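The values are calculated or read from the model by the stated rules, or taken from the named source; none is laboratory data. The structure presented is a predicted model; accordingly, all values stated were derived computationally and were not measured. In this analysis, Cβ positions are derived from the backbone assuming ideal geometry, glycine residues included, and neighbour counts consider all displayed protein chains. Side chains are part of the model used for accessible areas, which takes the heavy atoms of the whole protein and leaves out ligands, DNA and RNA. Shrake-Rupley method; radii C 1.70, N 1.55, O 1.52, S 1.80 Å.
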Amino acid sequence: MELMGNGGGRVKQGYPMMAMDQDMDAGMDELLAELGYKVRSSSMADLAQKLELLDRAMGNSSALDDIFLSHLASDSVHYNPSDMSRWVDNMLSELDAPRSATFPSPSVVDLSPINVSSWLGYPAQPSLSIQSDCGSEPHLGLESREWKRIRTASSSADCSGGLIRPSEVVYSSAMPMMMVESDHEAGIRLVHALVACAEAIQEENYKSADAIMKQITFLTSSQHGAMRKVGVYFAEALGRRIYSLHPKQDHYLDSAFSDILQMHFYETCPYLKFAHFTANQAILEAFAGHRRVHVIDFGIKQGMQWPALMQALALRPGGPPSFRLTGIASPQSDNSDSLQKLGLKLAQLARTINVEFEFRGLVANSLADLEPYMLDVEPEVIAINSVFELHGLLALPGAIEKVLDTVRSLRPRIVTTVEQEANHNADGFVERFTEALHYYSTLFDSMDGGSDEGSPEKLMSEVFVGRQICNVVACEGFERTERHETLEQWMLRIRGAGFEPVNLGSNAFKQASMLLALFGRGDGYRIEEKEGCLTLGWHNRPLIATSAWRVAGAGDGVEAAR
């Protein structure tokens with residue numbers, strides 16, 4: 001077989017090379033271009049169906065396998081596979097599609113636009129079905145589809161077609177029938193393929209999982225916006241699990257990089273702002289009337305939460321209290337004293353707004369390593385704050401119990417916790433994967449669009465979310481730290497450790513709503529009150545939850561600190 005094209009073969013004379021390359025590169029899909037394939041973005045759905053038909057034709061029987069191999073061994077000329085669409089057309093024209101080929105029964109469905117979340121199980125959408133057998137490639141089906149017909153007359157023929165009904169289907173052994181799905185249906189097929197791949201992994205059928213991954217790659221490349229991001233990050237996570245790609249990472253460097261990514265997530269999305277705002281409101285109300293107050297932050301990171309609280313304390317009637325802040329952070333890779341730098345910045349702010357301030361930084365590999373004496377508690381009112389920190393403790397046996405015991409021994413006036421509102425800690429892989437697919441599809445949907453789309457800050461935010469997906473899907477054991485649980489699960493656990501809930505109140509609800517009104521695309525966000533806690537979500541799906549607690553039977557806390 002002779003390959004012709006720009007990869008070292010012959011190029012037809014009479015066409016300037018530069019003009020040809022520019023014409024071929026225009027409008028090409030960037031993801032496949034990086035892999036050496038030239039495919040126009042507008043042709044992705046068409047190409048995916050052609051490849052599916054070619055795969056079906058090649059794998060239909062051993063006789064067809066022999067025919068295909070004979071083609072490869074012949075002197076016939078095939079175009080450069082880097083020009084994938086043309087190459088597939090050429091192969092299809094030479095391989096005779098069998099008359100017995102079967103296709104799903106076409107029908108017409110409503111193709112009104114839907115968001116990503118509706119593809120993943122919300123009501124009033126077409127029902128989905130997945131059929132998978134161990135040892136064979138799963139059939140990813142829909143109970144209703146819209147199919148389009150395209151005929152290929154030759155290797156260089158233009159494709160055309162339109163919506164057809166069952167009576168209009170014509171089978172031809174000379175010209176294979178192509179079926180092209182809408183973006184809507186391709187998105188549903190992508191979800192099917194992702195779940196089917198997870199099922200194959202759970203059954204340890206890695207041969208099928210590998211085959212499905214190839215489908216996922218092409219289905220993802222035909223998507224746009226949030227659904228494309230979902231496909232890319234979940235495909236990467238599944239690939240790491242299938243092929244055991246777990247590069248050894250520097251824990252210290254990884255922690256520092258995560259902090260940077262989280263800072264960009266804070267700037268581009270309302271979720272961390274909501275978390276900080278609602279926790280600060282609860283702390284401010286708990287500190288009312290007290291002259292000596294102390295916040296212990298279980299994950300201070302860049303310290304973005306505390307300037308707002310300090311300013312609120314400065315404006316408090318009767319003057320600001322004496323404010324101590326203890327920040328706990330992970331070790332840094334470069335041995336730099338980032339906590340000291342953060343403390344100096346906060347101290348400078350405190351001087352500017354006339355707040356008596358003291359900062360103390362603690363470095364710990366895990367919150368479970370903390371002991372009460374390390375926190376240097378004085379006669380004062382204590383607030384303990386944890387934003388997305390507690391779920392990581394669930395990877396270590398007994399760690400969450402140890403930390404809650406330490407917290408209870410400090411007798412804080414209030415404990416504020418913010419966690420993802422999802423169950424990514426189930427024992428079964430498929431259950432965990434499906435929940436993660438629902439959750440992160442909604443999150444990406446909420447992040448999609450806006451004036452900052454495509455900006456470096458937005459891309460870094462997406463990487464921040466993608467790293468969570470990779471940890472939930474690809475990791476196990478103590479390496480799987482993103483063990484998110486629902487508010488109901490956390491309430492049961494924290495109550496069992498000797499705490500009682502504190503109602504966040506209507507003020508936090510109203511002011512959080514005002515905060516979201518100032519944020520872009522605010523009409524899609526929803527704040528809800530649940531058993532005294534507040535959740536923030538996108539449309540009907542809660543995504544994060546803030547709750548407040550105090551030691552059971554402690555009343556109003558430490559009176560000696562007044």
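Here MET460 meets the list (1) in contact with a His (Cβ under 8 Å, 6 or more places away or on another chain); (2) closer than 22 Å to SER366 by Cα almost entirely, failing just condition (2).
Test GLY318 against the stated conditions and say whether it is outside any helix (DSSP H, G or I), of a type outside the set (S, T, N, Q) and open to solvent by less than 40 Å² (accessible area, probe 1.4 Å). Break it down stepwise before answering.
Details: outside any helix (DSSP H, G or I): yes; of a type outside the set (S, T, N, Q): yes; open to solvent by less than 40 Å² (accessible area, probe 1.4 Å): no.
No.
Residues in the range 200-219 that are free of Cβ contacts under 8 Å to residues at least 40 places away in the same chain and among the polar types (S, T, N, Q): THR217 alone.
With respect to the conditions (1) under 13 Å from the mean Cα position of the chain (by Cα); (2) open to solvent by less than 50 Å² (accessible area, probe 1.4 Å), LEU459 falls short on a single one, namely (2).
Quick one: which of SER173, SER258, SER208 is over 30 Å from ALA329 (Cα atoms) and either surrounded by fewer than 21 Cβ atoms within 10 Å (Cβ to Cβ) or modelled with pLDDT under 90 (or both)? Only one candidate qualifies: SER173. For GLU476, the conditions (1) out of contact with any Cys (no Cβ under 8 Å at 6 or more places or on another chain); (2) open to solvent by 20 Å² or more (accessible area, probe 1.4 Å); (3) at pLDDT 95 or above; (4) under 20 Å from GLN420 (Cβ atoms) are fulfilled apart from (3).
Under the condition of being over 19 Å from PHE388 (Cα atoms) and either without any contact (Cβ under 8 Å) to a residue 40 or more places away in the chain or of a type in the set (Asp, Glu) (or both), the residues counted in the range 431-454 number 6.
Note on the range 176-204: residues that are surrounded by 19 or more Cβ atoms within 10 Å (Cβ to Cβ), at pLDDT 50 or above and not in a helix (DSSP H, G or I) amount to 2. Contact map, the range 413-430: first residue farther than 28 Å from ASN385 by Cβ, second residue open to solvent by 10 Å² or more (accessible area, probe 1.4 Å), Cβ cut-off under 6 Å, separation 6 or more or different chains; pairs are PHE429/GLN202; VAL430/GLU199; VAL430/GLN202. Sub-8 Å Cβ pairs linking a first residue in the range 373-402 that is open to solvent by 60 Å² or more (accessible area, probe 1.4 Å) to a second residue that is aromatic (Phe, Trp, Tyr), at least 6 apart or interchain, are LEU396/PHE478, ordered by first then second residue.
Counting only residues that are at pLDDT below 95 and more than 22 Å from SER461 (Cα to Cα), the range 426-447 holds 3 of them. Scanning the range 267-280 for residues that are open to solvent by 10 Å² or more (accessible area, probe 1.4 Å) and touching a Leu at 6+ places or on another chain (Cβ under 7 Å) returns LYS273, PHE277, ASN280. Of all residues in the range 334-355, those satisfying the criterion of being part of a loop (DSSP other than H, G, I, E, B) and surrounded by 14 or more Cβ atoms within 10 Å (Cβ to Cβ) are ILE353, VAL355. Within the range 403-442, the set of residues being more than 28 Å from the chain's Cα centre (by Cα), surrounded by fewer than 20 Cβ atoms within 10 Å (Cβ to Cβ) and among the β-branched types (Val, Ile, Thr) comprises just one member, THR406. Just a yes or no: is a residue in the range 298-312 crowded, with 23+ Cβ neighbours inside 10 Å and touching a Gly at 6+ places or on another chain (Cβ under 8 Å)? Yes, the range 298-312 contains at least one residue that is crowded, with 23+ Cβ neighbours inside 10 Å and touching a Gly at 6+ places or on another chain (Cβ under 8 Å).
Sort out for me the helices (runs of 4 or more DSSP H) sitting completely within the range 384-499 that have 3 or more residues that are of a type in the set (Ser, Thr, Tyr), out of contact with any strand residue (DSSP E or B) (no Cβ under 6 Å at 6 or more places or on another chain) and within 22 Å of LEU194 (Cβ to Cβ).
Details: elements: 399-409, 429-447, 456-474, 487-496.
Of the helices (runs of 4 or more DSSP H) lying wholly inside the range 384-499, those with at least 3 residues that are of a type in the set (Ser, Thr, Tyr), out of contact with any strand residue (DSSP E or B) (no Cβ under 6 Å at 6 or more places or on another chain) and within 22 Å of LEU194 (Cβ to Cβ) span 429-447.
Cβ-Cβ contacts under 9 Å between residues 6 or more apart (or on different chains), taken from a first residue in the range 494-513 that is of a type in the set (A, V, I, L, M, F, W, C) to a second residue that is modelled with pLDDT under 90 and open to solvent by 70 Å² or more (accessible area, probe 1.4 Å), are absent.
Restricting LEU313, LEU362, LEU346, LEU325 to those that are touching a Pro at 6+ places or on another chain (Cβ under 7 Å) and either more than 24 Å from LEU404 (Cα to Cα) or not basic (Lys, Arg) (or both) reduces the list to LEU313. Filtering LYS229, LYS214 for residues that are modelled with pLDDT under 95 and surrounded by fewer than 23 Cβ atoms within 10 Å (Cβ to Cβ) leaves a single hit, LYS214.
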